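Below is one structure, written out as structure tokens; comments come after it.
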Amino acid sequence: MGETTSGPEQNVLMQIQNSKNPQQAITVVVNQEEGYAETQGLRMLFGVEEIRIDLQEILSSLQETAMVLSFLLETMSAGQDMGLPYAYQDVFDYEGTTYSLKKDNDHRVLKRLQ
């Protein structure tokens with residue numbers, strides 16, 4: 001993680017590792033100026049859009065957000081292992097909670113739905 005980035009300041013919030021394939025890991029960085037956190041690594045690993053999350057949402061339930069991102073990472077990895085292309089669902093359920101993952105330019109925005 002010794003890379004430097006230009007532009008808005010980004011701080012690493014967490015790293016999520018695939019429990020079934022530890023070589024697959026993504027980083028979640030915070031962009032405080034823009035008010036969101038986003039994944040880094042999904043595009044490189046799976047060729048899909050990175051995921052953005054509003055800072056207020058991620059900070060209200062950091063553990064829940066980490067579990068959802070871990071679930072998505074492992075789902076992508078399982079598809080890759082079976083030779084299947086991965087496609088995001090705009091709305092999905094995880095552990096009894098519904099989430100949206102809507103496309104916004106070259107990212108997906110993760111939100112918990114009420």
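Note on the chain: helix-only mean residue ellipticity at 222 nm, from DSSP H runs of 4+ residues weighted -39500 (n - 2.57) and normalised by residue number, equals -8000 deg cm²/dmol. Scan (1) 1.09; (2) 1.03; (3) 1.77 for the value of Cα Rg over 2.2 N^0.38 Å calculated from this model and give just the label. Only one listed value fits the structure, namely (2). Share of carbon and sulfur in the accessible area of the chain stands at 47%, probe radius 1.4 Å. Summed over the residues of the chain and divided among them, the accessible surface reaches 61 Å² per residue at a probe radius of 1.4 Å.
ASP106 contributes about 80 Å² of solvent-accessible surface, heavy atoms of the protein only, 1.4 Å probe.
Sort ASP93, ASP104 from largest to smallest accessible area, using a 1.4 Å probe on the heavy atoms of the protein chains.
ASP93, ASP104
A DSSP coil position with no more than 12 other Cβ atoms inside 10 Å describes the following GluC sites (Glu not before Pro) in the stretch 17-73: GLU33. Quick check: residue separation of PHE92 and GLU64 times 0.36 nm, minus the Cα distance between them. What number comes out in nm? That works out to 8.6 nm of additional length.
The values are calculated or read from the model by the stated rules, or taken from the named source; none is laboratory data. Please read all numbers here as calculations on a predicted model, not as lab measurements. As a convention, Cβ positions derive from the backbone with ideal geometry for all residues, glycine included, and neighbour counts pool all protein chains shown. Just the protein is used for accessible areas: all its heavy atoms, side chains included, with ligands, DNA and RNA removed. Shrake-Rupley method; radii C 1.70, N 1.55, O 1.52, S 1.80 Å.
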